[in-house]
Amino acid sequence: MRRYLLLGLILLILLLSLSVTVVFVSRRTSWFGKAYGPSTSSGQGDVSFENSYLFASPLTAPADGKQRIRLTVFVLDNQGRGIYGQTVALIKDEILTATTVQPLTDQLGQAVFEVAALSAGEYFLQAQVGGRALSQKVRVVFRELSQ
């Protein structure tokens with residue numbers, strides 16, 4: 001009987017400590033990312049052209065018109081939070097073939113494009129939001145096909 005009482009007491013202490021831990025963790029943890037709409041009066045949701053960025057993966061590909069380089073654009077506010085619902089356009093060389101995968105930013109502020117080329121060369125790409133270009137450019141290289 002004493003053993004069961006001691007076991008029950010230990011179990012109760014463990015449950016209480018787990019509950020306290022969950023409460024503290026949930027207060028300090030964002031379980032779901034917060035993205036803000038295009039604009040609010042508090043300034044949250046205003047696009048920061050300095051914080052927003054784009055990157056490419058991979059950085060090089062063969063110039064065969066089939067292999068694509070994926071460009072991911074993150075539209076962020078002044079506090080580094082994604083802004084959803086923004087229309088993003090790609091500024092590119094006319095030689096490149098672009099595919100718009102996701103032109104409107106999602107909950108993380110992300111828009112996605114893919115580019116391919118038939119002509120080998122080094123290209124610089126940029127994104128624009130609301131007709132204004134982001135300050136960053138990304139360099140990609142399409143290389144000659146191996147003979």
> Hey, can you rank 89-98, 10-19, 121-130, 72-81 by average C-beta count inside 10 Å, highest first?
Replying inline: 72-81, 121-130, 89-98, 10-19
> Roughly what would the spin-label model give for K137 and L12, points 7 Å off Cα along C-beta, in nm?
Replying inline: 7.1 nm
> How would you classify region 39-147 from its alpha-carbon gyration tensor, with a ≥ b ≥ c the square roots of the eigenvalues: rounded for a/c under 1.5, else prolate if a/b is greater than b/c, otherwise oblate?
Replying inline: prolate
> By how many nm would the segment from L104 to R70 grow when fully extended, if each residue of separation counts as 0.36 nm and the alpha-carbon distance is taken off?
Replying inline: 10.7 nm
> Can you list the HN-Hα couplings for region 66-83, worked out from phi with the Karplus curve (6.51, -1.76, 1.60; θ = phi - 60°), rounded to whole Hz and with x for Gly and Pro?
Replying inline: 9, 5, 10, 10, 8, 10, 10, 10, 10, 9, 10, 8, 5, 9, x, 8, x, 10
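We did not get these values from a lab; they are worked out from the coordinates using the rules stated. Predicted, not measured: the structure shown is a model, and the values here were computed from it. Neighbour counts are summed over all protein chains in view; Cβ atoms, including those assigned to glycine, are modelled from backbone coordinates with ideal geometry.
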